[in-house]
Each structure stands twice: as C-alpha cells, then as structure tokens.
Amino acid sequence: MTNPRGVKVFGMWLFLMSDLLTFATLLVCYSALRFANGEWLRPFALQPAIVFSTVMTVVLLTSSLTMVWAVAAMKEGDRGATAKWLGATILGGIVFIGLHLTEWNHLIHASAITPATLFGSVFFAVTGLHMAHVAGGVVYLSVLTAGVARSKFNEEDIETGGLYWHFVDLVWMFVFPLVYLMAVQS
Amino acid sequence: MTNVRVWLALVALTLIEVALAWVKTAPGLMVALLLALSFAKAAMIAWWFMHLKDYRPKPLLLLLPFLFVCVGLLLVLLPDGVRAGAMR
C-alpha cells in the first residue's frame, strides 16, 4: 500500500489553493459589482428556480458522499466497489451539469437574461467556470474509473481525484448562496 | 456512518439557507448568515470529506498565504464597490 499523503496529494492541494484564488477573485468582484449597483437584478423565484438549484446542490453533495465511499473502498483494496462508487460520483456530476444547462436554457429563453447584461455576465461567468470544473472532474474521474477497473492507479491517485471533486463541491457552497439566494425575487 | 451524518448536516444547512431566502431576511443580515453557513459547510467538507482531520502535520500553514490574498482582495475591492454605489 502506498502512502496516501504523497507528492500527488500535495500537488493537488497546491493546485486547489491556486484555483481557490480564481474563484475568490470572481466572487469578490461579483460582490463589489453588487455593492456598486443598488438596483441589482433579482430574477430567481423560490419556485421553481431556487427549488431547482437546491436540488442541484443536494445532487453535488451526494456525489461528494459517493466519492468519499470510493476513496474508502480503494483504501480497503476493493477495486470493484471503488469503480462502482466512482461511477455513481460521475453520474452525480453529469446530472448536475444536465440540470445546470436546463436552468441556463430557461434563464436565457424565459427570462431573457443573457451574458450581455451585467447580471448575466457575472452569473454565467461564475456558474460557467464552476460547471467547467464539474465537467473536468467528470472526465478526470472517468479516466480513474477506467484505470481502476484495469488494475491501474493506487490509493493516492483516488485520494487525489477525491480532493478535486470535493473542492468543486466546496466552491458551490459559496456560489449557491451568494449568486442564487441573494438574487431571490423580493 | 460519520460521513452520512456529515452529508445530512450539509443538506440541513443548505435547507436553512433556503429558508432564510424564503422568509425574506433583511439583506445585510442575510449575507452575514449565508457567509457564516457557507464557511461552516466548507469547513465540514474540508475536515471530513477531504480528510483534513487525518493530516499530520495539518497543512494549515499552507493555507495562510491564500487566505491572506483572499482577505486582501476583499479589503481592496469592496470599498471601491461601496464608494461607486454611493457616487450615483
């Protein structure tokens, strides 16, 4: 068994910290724009928009739980269970992206909020960057799943993938309240 | 079992956030409460799901420079946002 706190895990932490700065910059700029524009658009009704985004949040949280179980299964040397839980995590990511794209489509066509508006540019930049991270995570975990099934990769590789996935979840814990809940119709 | 409890707590905190929006909490109070809940949820994810609790030594010193930059960004940019809003 390899050391799960090796150089790959350390490298992932460094990457995540730099990525954290990217999201922090975006969210701080979003907050500054909100302060500077008193009449900030509040397009989200509790039903269906906030209910919809709450479901997205629960889906992402659930995919984090299945990722924890994938890492735990790999630590026990159970590659079959690892591949199964990684598959469940990937499914959660795909469902999240599907729900997100549905929401974007609704916003653009029903509410006429496009990236050309101030709210739209901020909203699509923040949520788009996050969705790109989720899509990247789906590809990353798919490669890990294929490798695990063929007896490639070790415990540290799965732990490293888990760190990335949990980080994507962690960032959403700030995006959801600041971008969605603070823009609920009054 | 602990991980399932953490997940349940995260979902519960998310529902509390939604409830704050539902009861139409005052914006200033709401942003303060939402940020507090977000940091609590982020800490729970990092501590249990990312296994920060198992790290020896804990890489908290690694986090400090990044925290410094994040707080610095807030201090530099937010006053500009407030000032620009007041100038209208």
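Any read-out appearing in this document is the output of simple, stated calculations on the displayed coordinates, not a laboratory observation. It should be emphasised that the depicted structure is a prediction, and the values quoted were computed from it without experimental measurement. Backbone-built Cβ (ideal geometry, glycine too); neighbour counts: all protein chains shown.
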Footprinting proxy, A:76, A:159: sorted fewest to most Cβ within 10 Å, the residues are A:76, A:159
Under a crude label model (7 Å from the Cα following the beta-carbon direction), how far is residue A:14 from residue A:125 in nanometres?
2.9 nm
Can you tell which of B:37, B:62, B:78 shows the greatest fluctuation in a Gaussian network model of chain B with Cα springs below 10 Å?
B:78
Using θ = phi - 60° and the Karplus curve 6.51 cos²θ - 1.76 cosθ + 1.60, what whole-Hz ³J(HN,Hα) does each residue of segment A:78-88 get, with Gly and Pro shown as x?
8, 5, x, 5, 4, 4, 5, 6, 5, x, 5
Looking at the square roots a ≥ b ≥ c of the eigenvalues of the Cα gyration tensor of chain B, which shape do they give, rounded for a/c under 1.5, prolate if a/b is larger than b/c, or oblate?
oblate
Largest fluctuation, A:51, A:126, A:68 only, Gaussian network model of chain A with Cα springs under 10 angstrom, belongs to A:51
Could you tell me which residue out of A:138, A:101, A:175 lies farthest along the dipole of chain A toward its positive end? Charges go on the beta carbon: Lys and Arg +1, Asp and Glu -1, centred on the Cα centre.
A:138
Average beta carbon contacts from partner chains per residue of A:55-61, 10 Å cutoff:
3
Take A:121, B:38, A:63 and order them by how many other Cβ atoms sit within 10 Å, fewest up front.
A:121, B:38, A:63
Only helices counted: for the protein assembly as shown, with every DSSP H run of 4 or more residues adding -39500 (n - 2.57) and the sum spread over all residues, [θ] at 222 nm is -26500 deg cm²/dmol
Rough spin-label spacing in nm, given labels placed 7 Å along Cα→Cβ, for residue B:66 and residue B:15:
3.1 nm
Give the order of A:111, A:186, A:31, A:64 when sorted by the count of other beta carbons within 10 angstrom, beginning with the fewest.
A:186, A:111, A:31, A:64
Run the Debye formula on the Cα coordinates of segment A:2-67, all scatterers equal and no solvent, and tell me log10 I(q)/I(0) at q = 0.15, 0.17, 0.24, 0.27 1/Å.
-0.84, -0.95, -1.06, -1.05
Segment B:1-67: chymotrypsin sites (Phe, Trp or Tyr not before Pro) falling in loop per DSSP and having at most 16 other Cβ within 10 Å:
B:55
Dividing the convex hull volume of the Cα atoms of segment A:1-111 by its residue count, what figure in Å³ per residue is obtained?
120 Å³
Just the ratio, please: alpha-carbon radius of gyration of the protein assembly as shown over 2.2 N^0.38 Å, N its number of residues.
1.03
When you look at the Cβ of every residue in B:30-40, what mean number of other chain Cβ atoms sits within 10 Å?
3
Shielding of A:37-47 by other chains, given as the mean Cβ count within 10 Å, works out to 1
Spin-label pair residue B:74/residue A:76, simplified geometry with 7 Å Cα→Cβ offset, distance in nm
4.1 nm
